[in-house]
1. Between A:E589 and A:Q451, what is the FRET efficiency for a Förster distance of 45 Å, r being their Cβ-Cβ separation, to the nearest 0.05?
2. Hey, can you rank A:298-308, B:48-58, A:604-614, B:174-184 by average C-beta count inside 10 Å, highest first?
3. Quick one: accessible area per residue over chain A, 1.4 Å probe, rounded to a whole number of Å²?
4. Just the Cα atoms of region A:464-612: what Rg and Dmax do they give in Å?
5. Any chance you could list the semi-axes, whole Å, largest first, of the equivalent ellipsoid that the Cα gyration tensor gives for region B:3-220, using √(5λ)?
6. Taking Cα centroids, how far is region B:99-174 from region A:578-607 in Å?
7. Take every Cα pair under 8 Å in region B:3-220 that's 6+ residues apart, average their separations, divide by the length, and report that relative contact order as a whole percent.
8. Taking 7 Å along the Cα-to-C-beta vector as the label spot, tell me the A:E513-A:R116 distance in nanometres, rounded to one decimal.
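The values are calculated or read from the model by the stated rules, or taken from the named source; none is laboratory data. Every value quoted in this text rests on a predicted model; they were computed, and no experiment measured them. Cβ sites come from the backbone with ideal geometry, for glycine too, and all protein chains shown count toward neighbours. These accessible areas exclude ligands, DNA and RNA; they are computed on the full protein's heavy atoms, side chains included. Shrake-Rupley method; radii C 1.70, N 1.55, O 1.52, S 1.80 Å.
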Amino acid sequence: MAFKVTRRKFLQTASIAAASVPLSKVATAKAGVAKSPFTAPGSFAETKTAVGGICEMCFWRCQLVGKIRDNKLVKLEGNPKSIDNGTSICARGNSGIKLLYDPDRLKYPMKNVGERGKPKWKRISWKEALDECGDKLNAAVKKYSARTIAMFPHGSSAKYPMHYFEHTVGTPNVSEASFFQCRGVRDYSWLSTIGTGPGENVDMANAKVIFGLGCHFGENVHVSHAKRYLKGLENGAKLVIVDPRFSASAAKADIWVKIKPGTDTAFVLGIMNYMVANGKYNKKFVEDHGVGFAEFKDAIKDWSLAKTAKECDVPEAQIKEVAELLGANAPNVSVHPGRFSSWHGNDFHRGRSLACLAGMLGAFGVPGGFVKGKGPKGFGKVKWPAGHEHHKALHREAGIFLQSPAGTPTDLIRDCAISGKPYPIKACVIWGQNPMQTIPKQENTIKMLKQMDFVMCVDVMPTDITMYADILLPESSYLERFDYIKKGTQWDFSDKHQQFVSARMPMVRADFERRDQVYIVNELAKRMGHEKAIPVQTVEDMVDAMLKPAGLSIKKLIAEDGIHLQPGKDPYGVKEDFEVQFFNEELVEEGYAGAPTYVAVPDVPKGYMRLLSGRSPLHTFNRTQNNVWLNAGMPENPVWVNDKIASKMGIKSGDRVTMVNSEGIKSSSTSHALVTPGIREDCVFMAHGFGSKNPAMSVGKGAGMDDQELCSILVVDPETGCSGMRNNFVKLIKA
Amino acid sequence: MQYAMVIDLNKCVGCHACTIACKAEWDVPADKGRNWVKRLGPAQTPEGLASTYYPGLCNHCDSPACVPVCPADPIQKTFKDARTGKTTTLEVAATYKEPFNGTVQVDKERCLGCGECASACPYGARYVNENQINEELGSDGTIDKCTYCMPRVNAGLDPACVQTCLAGARIFGDITDPNSEVSRYKKMGAKNLSSTAVNIGSNGYYYANKRDDSLLRSTSTPTVMASVNHRRQLLARMKPMMNKAKNLGMLGLVGAVAVKGMSDDKE
């Protein structure tokens, strides 16, 4: 498919390009289809339906069907058989075909014959590209060792390569943005409290109260999760949202707590201390399942309503109101664990405090509480075997970040690469991640990349990081390849218990020279002396190997319209040995506080505001910036600024603005102001992921502002090594 | 029968799935829309701080402002009731109100693309699709707007926006049927966006809590009916004729200049 049109022309005709059907053909189609060349036929008319699609416009993985006309995908819809998303998909899901047919997508293997950061691309063959990747990685490993390779993966297609580099090649220097810049701190804080990562497993649909701290459901859209939330509201749940900003969720809330950023843990401690002092907690549950409650009570006893109110800058009466509401509705309370939790570098304790709050309410295994669905079991695993190199991760060697998620905390890898100490990191594999916009302090990321002997990137789009690649490989998109299975249960636990199994299957063939992850990694493995370790020959084999032990296959899934359904199990109830570690002795042994503890964040310097960022329902960070439909829906990220502050500065809604941070870094692009009473005076907010710099992103380049560019003050959570990204301060400037 | 759409703003999360499903379904150009979602606020209202959305679309009005201004030559058109099979013949221009289901539709073959109906619509629900140029009529494009997905509905499907809505916030049905879900919402207090000046029987209803309702109505209720531009109507009406003449080479130099002048006359 060639696009020999200008960008403007493309934008105008984009929808026709996607359908790619000559109008004359529609006009002569059979009766029942629109006869007019001026009337689009509709996705349902004269199309074939492809099943087995699983969305990856974000990572929730809704199940899809695709409408196909003349071998082109014209529309994506939710799979009507789905008990997860149903026929619904979100804006991003609906826009998948604009990623699929984006003319800016990577098409061929490319070699950078310019310099890193200012690339000049030369098209090369797959053989040449793979040979060069193999040679360069081999040379680096031979000269140093396997740990000289740093890897930055993201997304489901990055799993197979990640396991290869981690297990078989043997480098511990792997940093997943989804952990160290997102969920890692949440997962490990709950793990150290209740023995399991929480996911977003709260039964909001059946809750009496939903308590969200920083959760902005609606701006953060994951379909079945949003359904749970909305069902809960429809069923009359009270909604408490704690956020410095009047977010989409705050707008639907019964109580909006306009908290001072960074003080969340203090707020939760204040609530818990009030509950202890007034006996308003689930004593039976705490007696049966609590560990270290006495030490915990003692540790939080100073958090009076007055002290909490002062620290959090919220009225005492409101803290009491929230505590009373939660206590009165225990145990049917959804204490939401959140998702993106890399906020302030004090986040481990916030996660712990939330898990403890759920413990005090006994909100586990009961309607409305924390409940994990009982999904289908018995699937196979495809694993790369251990190779002969084994290296301890940097943080393990240094004895720091002892509660770190798997992989190595990002800053340690980056610092090690820049300084060469304790060892050189000279080769870099980036797979589906865009570290330019995931990791704070871009300057360091560039330094890290510039000192490498070799950098390779695999992606579907020319994101900013790809400008730093020596070899750039085009990957099949989620609509063109097989991939991991998605399984689960119906989202509303008050419905009939059911389980589902689906697997990502291609809906259309990959165009140009795009290849899937298994092909690429296997070819690298062959060139790196690991041919014998290859666990599966094709991505199809991988999926079948996983399905087989459960008595399923790709063929069977296709025959069942892409989704296998089977009877489910009641997910409610808690095991007798379930424990809530209110006070965790293991943490004490590691040198950390045993009880959730508030650590204050630096105050906002005079004349500045704290930069907050979050989600938009139209974009998945930077990944969707070049999508013409999503760009049209939200071309840039408005800067939320308090109306009193704006009035002093003479800024009105819609005015062009830019920002400079407290370290003098100025945003390289602009956006418009959203002047509102719905945000505190000491902070500004914008959606994350905008302001791409790569000119190859003809739609997304320079659209809106990149919050990450302004995050130059590094803060790291001492327990987990996760980045804190809300400790940067900015001045708003009229642009 | 009169089809209608209710948007339950207590459910809507402003995710835009509706707008994009519509684009995919009907090949709507990326920068245009048959429907839209505008985020409102956060702003102070007399009912308190509010933030909500204005998901808008053609309201298939009882007295549509767009229909009488269409300059296309009227023709006799026979309509058939999808349910009863009953037929009726009406004289219609290129945009008309369907007599059986109450939807407002466009006959794209005969649309001159003058945009007069788009200017007349107080809700801004129509746009000229410049990708669809009817060369025979010499048009600059063809009017496009929400059809309430009648081709889908006639095939037994939900409108594309309703099908994809994860919140179940879009409720579609017959407002003249007292037992329909849309009628139930109307009884609960769902109201259309009307003002003293714009009161043309919109069939788009919004249901919201007090603060959101206040914000929606204060920001998004149309208050002005457009006045009709007779000159443009006249030019549009002349254009097919002039164009034909131009194509046939029947016009002299003066005529050709005049035609060119008209083509450039985009307001």
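1. Numbers: r = 38 Å, r/R0 = 0.84.
Plugging the Cβ-Cβ distance into 1/(1 + (r/R0)^6) gives 0.75.
2. B:48-58, A:604-614, A:298-308, B:174-184
3. On the way: 25490 Å² over 735 residues.
The answer is 35 Å² per residue.
4. Expressed in Å, the Cα Rg and Dmax of region A:464-612 come to 24.0, 64.
5. Equivalent ellipsoid semi-axes, largest first: 29, 20, 17 Å.
6. 57
7. Reported relative contact order: 30 percent.
8. According to this spin-label approximation, the distance is 2.4 nm.
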